[in-house]
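Peer 1: Can you read through this structure? Questions will come right after.
What follows is calculated from the coordinates using simple rules that are stated; it is not laboratory data. These numbers were taken from a predicted model, which means no experiment stands behind them. No Cβ is skipped: glycine too gets one built from the backbone with ideal geometry, and neighbour counts run over all protein chains shown.
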Amino acid sequence: MNALFDSHCHLDFDDFKADRSALISAAAAAGVQAIMVPGVSRQHSLTHPPLESSELEFFCSFGLHPYFIQQHQHSDIDWLQQQLLQHPTAAVGETGLDKTCPDYAKQTELLIAQIELACHFKRPLILHHRQSQADLIAILRRYRNRLPDQPGVIHAFSGSYEQAQLWLDLGFMIGVGGLISYVRAQKTRATIARLPLSALLLETDAPDMPLAGFQGQRNQPAQLPLVLAQLAHLTQQPEAVVAAQTTSNAYRLFASRLLLSR
């Protein structure tokens, strides 16, 4: 069985409250050995402590997601700094820019503050985008010389090969999820097929981003082998090769500080 790392899964959301333990077991049985659970707001992180399990490994991050922009206060940056001090291996995010959410100026201010923290603490960023890749790249270019060696991941990437190359030029990895299972996503599928495996991470984004054929259903980390199968098909590589490389990529991004701290 392939050992997989779900690099983006909101398993701490209340969508999973009733059967979270069963879903963790199902994920482990499907070959998932590690999960990154991104933070989305101060309020959520305070009421949903980091997950623990004997069946698989959890990694955590702390961030201010643009979906929750109306919850965020500028003082949350001070709180976020304290979390990074207390959790020496935590990533920064989920953060980013989303033009379908209100108060783009506030989103931008909070994003920049989180990038500053990532640079200071040398932590990877987990970035959300929607109609905003050009703005994100323009901002991050200003930090090119200050970003950590493993600067982060552009989560749920969709777009052209040229856009993907801009992310790779900045050192970012590309998050690959259920979108590539949709025939209509021709541009993104063609892009992912051309990218090096060394730049790719598998993700479910559960409970969201279900694969084709599962529309309207709650996504879950046990679906990650289906994302693997789609990626292996697009890249024309054996599933074992894709699994080994993407899992190695995720550990390199999220666990390198953990290894250094031991």
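Peer 1: Place a +1 charge on the Cβ of each Lys and Arg in segment 46-110 and a -1 charge on the Cβ of each Asp and Glu, then give the dipole magnitude about the Cα centre in debye, rounded to the nearest 20.
Peer 2: Values: 2 positive and 9 negative charges, 43 e Å.
That gives segment 46-110 a dipole magnitude of about 200 debye.
Peer 1: Highest first, please rank the peptides 226-232, 202-208 by the mean number of other Cβ atoms sitting within 10 Å of their residues.
Peer 2: Values: 226-232: 20.7, 202-208: 24.1.
Put in order of decreasing packing, that is 202-208, 226-232.
Peer 1: Something else now. Going Cα to Cα from LYS187, which lysines come in below 25 Å? Please leave out same-chain ones fewer than 8 positions away.
Peer 2: LYS99
Peer 1: Filter the trypsin sites (Lys or Arg not before Pro) in segment 177-232 down to the DSSP loop ones having no more than 10 other Cβ atoms within 10 Å, then list what survives. Intermediate results must be reported in sequence, preceding the final value.
Peer 2: On the way: sites: ARG184, LYS187, ARG189, ARG194, ARG218; in loops: ARG184, ARG218.
In loop regions of segment 177-232 (DSSP not H, G, I, E or B), the sparsely surrounded trypsin sites (Lys or Arg not before Pro) are ARG184.
Peer 1: Okay, next question. For a protection proxy built on the mean count of beta-carbon atoms within 10 angstrom, sort 128-138, 99-109, 25-35 highest first, please.
Peer 2: Values: 128-138: 18.0, 99-109: 14.5, 25-35: 19.5.
Taking the mean over residues of other Cβ atoms within 10 Å, the ranking is 25-35, 128-138, 99-109.
Peer 1: To continue, here is another question. Given an 8 Å cut-off on Cα distances and at least 6 residues of separation, report the relative contact order of the chain as a percent.
Peer 2: On the way: 503 pairs, mean separation 54.6, N = 262.
Relative contact order of the chain: 21 percent.
Peer 1: Measure out, as a whole number of angstrom, how far apart the alpha-carbon centroids of segment 18-45 and segment 155-224 sit.
Peer 2: Cα centroid of segment 18-45 versus Cα centroid of segment 155-224: 19 Å apart.
Peer 1: Given charges of +1 on the Cβ of Lys and Arg and -1 on the Cβ of Asp and Glu, with all other atoms neutral, how large is the dipole of segment 130-193 about its Cα centre, in debye to the nearest 20? The partial results should precede the final answer.
Peer 2: Numbers: 8 positive and 4 negative charges, 28 e Å.
That gives a dipole near 140 debye.
Peer 1: Could you tell me which trypsin sites (Lys or Arg not before Pro) in segment 1-74 are loop residues by DSSP with no more than 15 other beta carbons within 10 angstrom of their beta carbon?
Peer 2: Qualifying residues, ordered by number: LYS17.
Peer 1: A further question follows. Once amide H atoms are built 1.01 Å from N in the peptide plane, which residues 5 or more positions from GLY39, or in another chain, come under 5 Å H to H?
Peer 2: Here SER61, PHE62, GLY63, GLY93, GLU94 satisfy the definition.
Peer 1: Another question about this same structure. So I have [x] 13.0; [y] 15.8; [z] 14.9, and one of them is mean projected area of the Cα convex hull in nm² calculated from this model. Which one is it?
Peer 2: The value matching this structure is [x].
Peer 1: Search the structure for amide H atoms under 5 Å from the amide H of THR89, placed 1.01 Å from N in the peptide plane, and list their residues when 5 or more places away or on another chain.
Peer 2: Result for THR89 returns nothing.
Peer 1: So, one more: Under a plain spin-label model, where a point goes 7 Å from the Cα along Cα-to-Cβ, how far apart in nm are ALA29 and PHE58?
Peer 2: The modelled label-to-label distance comes out at 2.0 nm.
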